[in-house]
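Input: a single structure, listed below in structure tokens.
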Amino acid sequence: MNLSKFGEKFTRKAGITQLMDDLGSAMAGGDMLMLGGGNPAHIPAVQDRFRRRMEEILAEPLGFETMIGNYDGSRGNEAFIEALAGMLHDTFGWDITAKNIALTNGSQNAFFCLFNLFAGDMPDGSKKKILFPLTLEYIGYGDVGLTDDFLTARLPHIELLDDGLFKYHVDFESLDIGDDVGAICVSRPTNPTGNVLTDDEIIHLDAIAREKGIPLIIDNAYGTPFPDIIYTEAQPIWNENTVVCMSLSKFGLPNLRTGIVIAREEIAAAIADINGVMHLAPGGIGARMALDLVRSGEIMQISREIVQPFYERKARRTLDLFRTELDGLPCRIHKPEGAIFLWLWFQDLPYPCERLYEELKQRNTLVIPGHHFFPGLENEYWQHKHECIRVTYAQDDAIVEEGVKVIADQVRKLYG
Ligand SMILES: Cc1ncc(COP(=O)(O)O)c(C=O)c1O
């Protein structure tokens, strides 16, 4: 096959594709202990609510027919966007209207659009990059650039905490931002570490971005006010210079592929333009399902009262399990502040985490080796990159418990 540069770039075996392939085969059945992917849990009370919602839509006159039979506009389902703008304005005082919002086919698609809007080959001949001020970052950012040499990143400052925990912080001292940076991006909570950047860190990054005249993109896929998988204090922050990306996936609807971009009007309009070219319109079933939950504010209540406590309990339980099973080994765990993962750091691991990943796979246990989570720093050597793994605790307790035991057993053998 004679491929264009685009074809070559996007058919390379990207980290995200390998991850989704592993996840797909594990979710398709078999006896793999799935502690690897980012699939959210099936929370019975939330799924019951979705089932009821679907039944209500089916019972509405023409509800089913319009849901499956009509395109939305290129910006996405208007009623949902209106309701969401109203909810965010009334709850947080954000100065937004429907013109500040555009929907995408999952937030992954939003990052493809946003990153390529602000970085790559610029009309004046210069090149710009997306900056991650704190890698480790989400694996899905790694391959979205239409040009090469598209991402840049800074390593974190590590704070060692009591009880075998640690926390990454933005290293502001080394955060020099050149004219080649087109936008700054952080995930909050962070995939893979469960870190939640503090309000001060976000405010500081926002100030830096404003000074440089570039946007600050905040990936809020796990954040507040929905799905609100945050176990610490964190204010939702939006202003004309920030682009907040949200998603219905971790609320429990990943297969409906609904991403939400909240940005100043010209950016939201640009997303709608790209939608028109790439997909005509984003799929509308997620928006339709969530519409009444947004109108009533129930989406925030379900997140706060069901989704957040569900994951927080699992986070604490998995942390306790690891503490017991790894007792005496030189392992630290990132302070679990949100998202659906624990991030384990095996200090002076005798061989790289890539090999540990393969060995665990041989034992039917899937985790993600840490070296994948350094978009923008792929070629930079840092021992720490090869000493960490990501473990999701979203699956059933019994699966997580068995997986934790296999991981601990393998690591214990490793340290000999
Ligand atoms: C931090 C983060 N951002 C964005 C996404 C993309 O999610 P979706 O495209 O389902 O909205 C994910 C998925 O796991 C994620 O972990």
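Each Lys and Arg contributes +1 and each Asp and Glu -1, all at the Cβ; summed about the Cα centre of the chain, the dipole is approximately 760 debye. Here's how it looks for ALA221: its modeled amide H is under 5 Å from those of ARG188, which are all 5 or more places away or on a different chain. Each residue of region 93-98 is assigned a 3J(HN,Hα), and the resulting list reads x, 5, 7, 10, 10, 4 Hz, derived from the Karplus form 6.51 cos²θ - 1.76 cosθ + 1.60 (θ = phi - 60°), x at Gly and Pro. For region 370-407, applying the loop criterion from DSSP together with a ceiling of 11 other beta carbons within 10 Å to the trypsin sites (Lys or Arg not before Pro) yields no site. Among all helices in the chain defined by DSSP H, which have a length of 15 Å or more along the axis from Cα atoms plus a Kyte-Doolittle mean of at least 0.5? Taking the DSSP H segments of the chain (at least 15 Å long, mean hydropathy at least 0.5), we get 78-92, 107-118, 265-279, 285-295.
Net length available on complete extension from THR232 to GLU380 is 50.1 nm, with 0.36 nm assigned per residue and the Cα-Cα distance removed. Projected label points at LEU58 and ASN2, each 7 Å from Cα along the beta carbon direction, are separated by 5.1 nanometres. With both residues required to sit in region 63-301, DSSP beta bridges show an antiparallel share near 50%. Within region 333-385, the GluC sites (Glu not before Pro) that combine a DSSP coil assignment with at most 14 other C-beta atoms in a 10 angstrom radius are GLU378, GLU380. Bridges between two residues of the chain, per DSSP, are antiparallel at a rate of about 60%. Would you mind getting me the FRET efficiency between ALA45 and LEU280? Use the beta-carbon distance for r and R0 = 35 Å, nearest 0.05. According to the calculation, E is roughly 0.50. Treating r as the C-beta distance of ASP200 and GLU312 and R0 as 35 Å, the FRET efficiency rounds to 0.90.
Taking packing as the residue-averaged number of other Cβ atoms within 10 angstrom, the listed peptides 156-167, 279-290 run from highest to lowest as 279-290, 156-167. Loop-located chymotrypsin sites (Phe, Trp or Tyr not before Pro) in region 324-416 (DSSP state not H, G, I, E or B) with no more than 16 neighbouring Cβ atoms inside 10 Å: TYR381, TRP382. Okay, which of region 219-249 sit inside 14 Å, backbone N to the point 7 Å along the Cα-Cβ direction of ASP95? Flagged as within label range: 238-242. Protection proxy ranking, highest mean first, for peptides 54-63, 34-43, 174-183: 34-43, 174-183, 54-63, where packing is the per-residue count of other beta-carbon atoms within 10 Å, averaged.
A cut-off under 14 angstrom between Cβ atoms defines the neighbours of PRO282, and their net charge, with Lys, Arg +1 and Asp, Glu -1, is 0.
Bear in mind these aren't lab numbers, they're just calculated from the coordinates by the rules spelled out. These numbers come from a predicted model, not from an experiment. In this analysis, Cβ positions are derived from the backbone assuming ideal geometry, glycine residues included, and neighbour counts consider all displayed protein chains.
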